[in-house]
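FYI, it's all coordinate maths here, none of it is from the lab. Computed from a prediction, not measured in an experiment: that's the story for all the values here. A quick note on method: Cβ atoms are made from the backbone with ideal geometry, for glycine too, and the neighbour counts reach across all protein chains shown.
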Amino acid sequence: GAGVSQSPRYKVAKRGQDVALRCDPISGHVSLFWYQQALGQGPEFLTYFQNEAQLDKSGLPSDRFFAERPEGSVSTLKIQRTQQEDSAVYLCASSPGAYNEQFFGPGTRLTVL
Amino acid sequence: KQEVTQIPAALSVPEGENLVLNCSFTDSAIYNLQWFRQDPGKGLTSLLLIQSSQREQTSGRLNASLDKSSGRSTLYIAASQPGDSATYLCAGDAGNMLTFGGGTRLMVKP
């Protein structure tokens, strides 16, 4: 019955370190989305899953970004060799399906030093 | 590529005022238009979703309208309260992604 949850809520990484961000969608939601929100800006789309299939990854900024949802539920966004420009809030959203209302988690604030 | 613009970027009003937040989008081929509220350091809370076949939605003191032909949506807040202070974001839904505006930062002063 809970909403979308994300962990960790805050992550500080040294430049060059790999990080993994977790998203637990609302139970039964088929669609899962990742967004990146820079300070003072609106979120920007990164990638979209329908069940376990990644149908759109056009928003991923580089090949250092990788997302997966192997069992069609929990999703992980991985960033390899983090850089300072990766510092942002990473938001996860889920919905019952395409064209439905999206529900957002609290986000993970990533700071790369 | 869809572009979404929100005006004004920031707004400060005294408590009790009725106010209108504007959102414009370049591609009318959207399925839904969704309005969100974001408090500092928090995620997004969905306020209203307007389907492309609808012209408006209402929830309490909030009313959102959608005019696809002109590429515009407005969020009307009646009798504003200090608790309404937050950033308001609109987003066009293409089915597999939301395209967000930059948001309007609203401050309602007691």
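Please tell me if A:Ser95 is under 29 Å from B:Leu49 (Cβ atoms) and polar (S, T, N, Q).
Details: under 29 Å from B:Leu49 (Cβ atoms): yes; polar (S, T, N, Q): yes.
Yes, satisfied.
Mind checking which residues of the stretch A:1-55 are acidic (Asp, Glu) and more than 20 Å from A:Glu71 (Cα to Cα)?
Residues satisfying the conditions are A:Asp18, A:Glu44.
Taking the stretch A:96-113, which residues are more than 7 Å from chain B (Cβ to nearest Cβ) and either within 19 Å of A:Thr76 (Cβ to Cβ) or of a type in the set (Val, Ile, Thr) (or both)? Break it down into steps so the answer makes sense when it comes.
Of the residues in the stretch A:96-113, the ones more than 7 Å from chain B (Cβ to nearest Cβ) are A:96-97, A:100, A:108-113.
Passing the criteria: A:Thr108, A:Arg109, A:Leu110, A:Thr111, A:Val112.
Where the second residue is buried (at least 18 other Cβ atoms within 10 Å of the Cβ) and not in a strand (DSSP E or B) and the first is of a type in the set (Ser, Thr, Tyr) and lies in the stretch B:69-97, which pairs have Cβ atoms under 7 Å and are six or more apart or on separate chains?
Going by the 7 Å Cβ cut-off, the qualifying pairs are B:Thr87/B:Gly103; B:Tyr88/B:Gly103.
Looking for whichever is within 11 Å of another protein chain (Cβ to nearest Cβ) and part of a strand (DSSP E or B) here; the options are A:Ala93, A:Ala20. Which one fits?
Working: A:Ala20 fails: within 11 Å of another protein chain (Cβ to nearest Cβ).
Going through A:Ala93, A:Ala20 in turn, the sole match is A:Ala93.
Give the residues of the stretch B:14-38 that are β-branched (Val, Ile, Thr) and in a strand (DSSP E or B), sorted by residue number.
B:Val20
Filtering the stretch A:32-49 down to residues that are part of a strand (DSSP E or B) and either in contact with a helix residue (DSSP H, G or I) (Cβ under 6 Å, 6 or more places away or on another chain) or more than 8 Å from chain B (Cβ to nearest Cβ) (or both), which residue is farthest from A:Ala93 (Cα to Cα)?
By that ranking, first place goes to A:Gln37.
Please go through the stretch B:40-50 and pick out each residue that is free of Cβ contacts under 8 Å to residues at least 24 places away in the same chain, within 13 Å of the chain's Cα centre (by Cα) and farther than 17 Å from A:Tyr99 by Cβ.
Listed by number, the list holds a single entry, B:Thr45.
List the number of the failed condition for B:Ser53; all other conditions in (1) within 14 Å of another protein chain (Cβ to nearest Cβ); (2) free of Cβ contacts under 8 Å to residues at least 40 places away in the same chain; (3) over 12 Å from the mean Cα position of the chain (by Cα); (4) surrounded by 18 or more Cβ atoms within 10 Å (Cβ to Cβ) hold.
Failed condition: (4).
Just to be sure before I move on: is B:Thr87 under 13 Å from the mean Cα position of the chain (by Cα), under 27 Å from B:Gly41 (Cα atoms) and surrounded by fewer than 20 Cβ atoms within 10 Å (Cβ to Cβ) in the structure I sent?
Taking the combined requirement at face value, the residue does not satisfy it.
Of (1) away from chain A (no Cβ under 14 Å); (2) over 17 Å from B:Ser12 (Cα atoms); (3) touching a residue at least 24 places away in the same chain (Cβ under 8 Å); (4) surrounded by 14 or more Cβ atoms within 10 Å (Cβ to Cβ), B:Asn63 satisfies all except one. Which?
(3)
Report the residue count in the stretch A:51-76 for those that are assigned to a loop (DSSP other than H, G, I, E, B), farther than 20 Å from A:Val4 by Cα and within 14 Å of another protein chain (Cβ to nearest Cβ).
Total meeting the criteria: 4.
Among B:Gly102, B:Gly83, B:Gly95, B:Gly41, which is the only one that is within 19 Å of A:Tyr90 (Cα to Cα), of a type in the set (Gly, Ala, Ser), out of contact with any Lys or Arg (no Cβ under 9 Å at 6 or more places or on another chain) and not in a strand (DSSP E or B)?
Sole residue among the options that is within 19 Å of A:Tyr90 (Cα to Cα), of a type in the set (Gly, Ala, Ser), out of contact with any Lys or Arg (no Cβ under 9 Å at 6 or more places or on another chain) and not in a strand (DSSP E or B): B:Gly102.
Somewhere in the stretch A:69-82, is a residue more than 20 Å from B:Leu49 (Cβ to Cβ), touching a residue at least 60 places away in the same chain (Cβ under 8 Å) and surrounded by 17 or more Cβ atoms within 10 Å (Cβ to Cβ)?
Yes; the residues of the stretch A:69-82 include at least one that is more than 20 Å from B:Leu49 (Cβ to Cβ), touching a residue at least 60 places away in the same chain (Cβ under 8 Å) and surrounded by 17 or more Cβ atoms within 10 Å (Cβ to Cβ).
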